[in-house]
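Comments concern the structure below.
We did not get these values from a lab; they are worked out from the coordinates using the rules stated. Just so it is clear, the structure is predicted and the values come from calculations on it, not from any experiment. Note that each Cβ is placed from the backbone with ideal geometry, even for glycine, and that neighbours are counted across all protein chains shown.
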Amino acid sequence: MDNNNNATAAAFHSHVFLGEGHEKSERKTWAVIWLCGIMMVAEIIGGLLFGSIALVADGLHMSTHAGALLLAALAYTYARKHADNPAFTFGTGKLGDLAGFTSAIVLAMIALLIGYESVSRIFAPIPIHFAEAIPIACLGLVVNVASAWLLSSGGHHHHGHGHAHEGQDHDESHEIATAAGTVFLEVFEDGVPPRFRLRAATGPALMAQASSIETLRPDGTRQLFAMQDKGGFLASCDEIPEPHAFTATVRIGEHNYPLSFEEHEHAHGSTARDNNMRAAVIHVMADAAVSIFVIVGLLLARAFGWLWMDPLAGIMGACVIASWSYGLIRDTGAILLDMNPDKSMANKLREEIEAGGDTLADLHLWRLGPGHLGAIISVITSHVREAEYYRARLARFRSLSHLTVEVSHRS
């Protein structure tokens, strides 16, 4: 067996597998902690003074939610500070998943507590001071909505390209040198359907000369893309169908500029998701849901004398929280147990290796952090091929941030 893993390259390989926008998420989480901490105190005191168990439940949940946000913030901070610590064999990217799993457990416990207390109040109702309880519940809702906005503001979908590609919002960018200046063509797909984007480094005058882009695929299929002005850049009117492997000929003035695009596989869906931020948002949304149920329950109880509506609101909120916590436990637990995060990518890896006549004997694929995957691939071949050959074949899988290749040669 030839275990050619390119030891020299591995010695300098970065093990920083943090998600994009890590520090920004850290700052936002700390800001929301202060906001929710203040409201937490107001709701608990108000609920106790005015006799609303649902309001107390909302305040108690907000207190644990503030604690969960603190856990998320500390996880962000610790992961960032220890990202280069060699003691973490595969980096600190999964620390956010661990924090998300812990937050989900807390959510489940709070759901049980709210449900128990609410059922108890159905059988032993107490008087409610509606004039004081309803305004506090509305204020709680406002704080929850503001917290959700703070946490989600500025968020974008990223593909998790690995270190050499972080910060890019496109598949591939090409520079075109013309007599009038430099133009950049890219396939842009940051949270929108993929389209060509053409922008000039020297101003809009050059852009006015660009008229169209024509693609030629390996099977001979051609497609013409008209361009439209988007203010500062040109974008193709039509979406670019998959796969993104073709020759694109850009027509600028009287000249044609052919460019070659290669298909790149990115992390999608749960593979690129920041579960630490997801847990923080779920806590905020759970608070908002409970606040809505509290307000509705209090209004109905005051209008019709249905005191049982207040604890019923608590039960409904508990059910919503339990449902969200289950989904978070399921997803983060799978990551912590190193389950295959992307079966589609695993199949594509197998197809890519075996397309050259080799055999994929073993494949391990797991998540290292948001948008980062690790893979160990064992190949059996009858050809004179070493590990670097397979690394080159798999280079289009941008989310493979840590790749180990083992090669066995058939005798």
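Computed from the Cβ-Cβ distance with R0 of 41 Å, the FRET efficiency linking Trp34 to Ala87 stands at 0.80.
Residues whose amide H falls under 5 Å from that of Leu259, counting only those 5 or more places apart or on a different chain, are Ala248, Thr249, Val250, with hydrogens built in the peptide plane.
Summing charges over all other residues whose Cβ lies under 15 Å from the Cβ of Met277, with Lys and Arg as +1 and Asp and Glu as -1, gives +1.
I need the calculated FRET efficiency for the pair Asp238 and His174, taking r as the beta carbon distance and R₀ as 22 Å, to the nearest 0.05.
Values: r = 19 Å, r/R0 = 0.87.
With R0 = 22 Å, the Cβ-Cβ based efficiency is 0.70.
Under a plain spin-label model, where a point goes 7 Å from the Cα along Cα-to-Cβ, how far apart in nm are Arg27 and Val119? Roughly 4.6 nm, to one decimal.
Here's how it looks for Ala361: its modeled amide H is under 5 Å from those of Ser378, Val379, Ile380, which are all 5 or more places away or on a different chain.
A simple spin-label model places the labels of Arg410 and Arg350 1.9 nm from each other, with each point 7 Å out along Cα-to-Cβ.
Based on the Cβ-Cβ distance of Ala392 and Asn340, what FRET efficiency does E = 1/(1 + (r/R0)^6) give at R0 = 22 Å, to the nearest 0.05?
Using R0 = 22 Å, I get an efficiency of 0.40.
Applied to the stretch 224-241, the Karplus parametrisation 6.51 cos²θ - 1.76 cosθ + 1.60 on θ = phi - 60° returns per-residue 3J(HN,Hα) values of 9, 10, 7, 10, 10, 6, 10, x, x, 7, 9, 10, 5, 5, 9, 6, 9, x Hz, with x for Gly and Pro.
If you take every residue apart from Asn340 with its C-beta less than 14 Å away from the C-beta of Asn340, what net charge results, scoring Lys and Arg +1 and Asp and Glu -1? Numbers along the way, then the final one.
Details: positive: Lys343, Lys348, Arg350, Arg367; negative: Asp331, Asp338, Asp342, Asp362.
Computed value for this residue: 0.
What is the P(r) of the stretch 330-369, as percent of Cα-Cα pairs per 10 Å bin from 0? Over the stretch 330-369, the share of Cα pairs per 10 Å bin runs 28, 44, 22, 5 percent.
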